[in-house]
Ligand SMILES: NC(=O)c1ccc[n+]([C@@H]2O[C@H](COP(=O)([O-])OP(=O)(O)OC[C@H]3O[C@@H](n4cnc5c(N)ncnc54)[C@H](O)[C@@H]3O)[C@@H](O)[C@H]2O)c1
């Protein structure tokens, strides 16, 4: 179903790697709602992923950018506004990667250059994206910027490793930048705290299969899928949520406010 919620709106979508990616589903949904966008990802992901197919499907152009490179981001913002023919209304930051997780380093045995790299990619990149947009004055008034996060920023999930710290930083950047972006340019900035989702990044976390089943049983509405997340993101890009800013918004079927569910009690009562 389409409501034309994003008709006439332009934006940039970071992080579509393959059809499981949250950014991929969001791009399809934004397209269905009439939004136009430029797709971007790290040059290495271009070679590994299937972003060309998504570009074709949605009539979009691709501009590669490493989200840790200020130069790449400046080029991306300049090209995107040129290609789309004006300032932007929405930006999705859907980027995450921990080198410690990838290399199997435990949280109590971090290699700090890995930590720094993961932080740059997963957290500081959000500041870099917004600072680039801000300095170029590339966002329209009442535009909307969304980044994806996870509840490990508030509560401990042992296998989430240093991504927990990266997400805490990311959520703080949304509040801090959201203040200035709101004051100066009436742009809103929020993070969506999404359920565990079977994507390349998600499945990189140790014990993911057990954890996603646990979360499913703990959430009154069940886990939110990537498709559900795409729908929620569209609502935040639309004009129907103009006064929502500087928030971390849980999109998790109720998991974050559930102490224990009947299913979990029954499992342990056996
Ligand atoms: N999958 C989950 O369980 C889950 C839950 C909550 C939040 N999230 C968050 O959702 C977001 C999207 O992840 P996903 O689950 O769709 O996985 P994904 O692997 O499909 O997407 C991660 C993306 O980050 C990109 N990326 C990595 N390094 C980059 C760089 N230097 N520059 C630009 N892009 C880079 C990758 O190429 C990839 O497209 C991430 O922020 C992730 O932490 C995921």
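Please treat every number below as a calculation from the coordinates, not as lab data. Keep in mind that this is a model prediction, so the values were computed, not measured. Cβ coordinates were reconstructed from backbone atoms using ideal geometry, including for glycine residues, and neighbour counts include every protein chain displayed.
Give me the Kirkwood hydrodynamic radius of region 57-121, using the inverse of the mean 1/r over all pairs of distinct Cα atoms, in Å to one decimal.
Values: mean 1/r = 0.0702 Å⁻¹.
That comes to 14.2 Å for region 57-121.
Taking the centroid of alpha carbons for each part, region 62-105 and region 185-199 are 15 Å apart. Take the Kirkwood radius over Cα pairs of region 106-201, plug it into Stokes-Einstein at 10 °C and 1.306 mPa s, and you get 111 µm²/s for translational diffusion.
Label-to-label distance, residue 131 versus residue 20, with points set 7 angstrom from Cα along the beta-carbon direction: 3.4 nm. On a per residue basis, the convex hull of the C-alpha atoms belonging to region 171-270 measures out at 119 Å³.
Over the chain, DSSP H runs of length four or greater, each weighted -39,500 (n - 2.57), average out per residue to a 222 nm ellipticity of -13000 deg cm²/dmol.
Taking a temperature of 37 °C and a viscosity of 0.692 mPa s, what whole-number D in µm²/s does Stokes-Einstein yield for the chain with Rh from Kirkwood over alpha carbon pairs?
Using the Kirkwood radius from Cα pairs, D works out to 175 µm²/s.
Taking 0.36 nm per residue of separation and subtracting the current Cα-Cα distance, fully stretching the chain between residue 61 and residue 112 would add 14.7 nm. With both labels modelled 7 Å from their Cα along Cα-to-Cβ, the residue 53 to residue 159 distance reads 2.7 nm. In terms of packing, defined here as the mean over residues of other Cβ atoms within 10 angstrom, the peptides 248-256, 14-22, 210-218 line up highest first as 14-22, 248-256, 210-218.
Given R0 = 25 Å, the distance between the Cβ atoms of residue 179 and residue 256 translates into a calculated FRET efficiency of 0.55. Summarised in one figure, the compactness ratio Rg/Rh of region 1-108, Cα atoms and Kirkwood Rh, is 1.02. Rounded to the nearest 0.05, the FRET efficiency derived from the C-beta distance between residue 267 and residue 225 at R0 = 25 Å is 0.60.
What angle, in degrees between 0 and 90 and rounded to the nearest 10, separates the Cα long axis of helix 22-32 from the longest principal axis of the Cα atoms of the chain? With rounding to tens, the tilt is 50 degrees. Along the Cα-to-C-beta direction of residue 102, a point sits 7 Å from the Cα; which residues of region 53-71 have their amide N less than 16 Å from that point? Under 16 Å, as judged by backbone N against the label point of residue 102, lie 65-69 of region 53-71. A Gaussian network model of the chain, with springs between Cα atoms under 10 Å, assigns the largest mean-square fluctuation among 155, 29, 175 to 155.
At residue 172 and residue 216, where each label point lies 7 Å from the Cα along Cα→Cβ, what is the point-to-point distance in nanometres? The two pseudo-label positions are separated by 3.6 nm.
Note on residue 141 and residue 69: with the Förster distance fixed at 25 Å, the Cβ-Cβ geometry gives a FRET efficiency of about 0.35.
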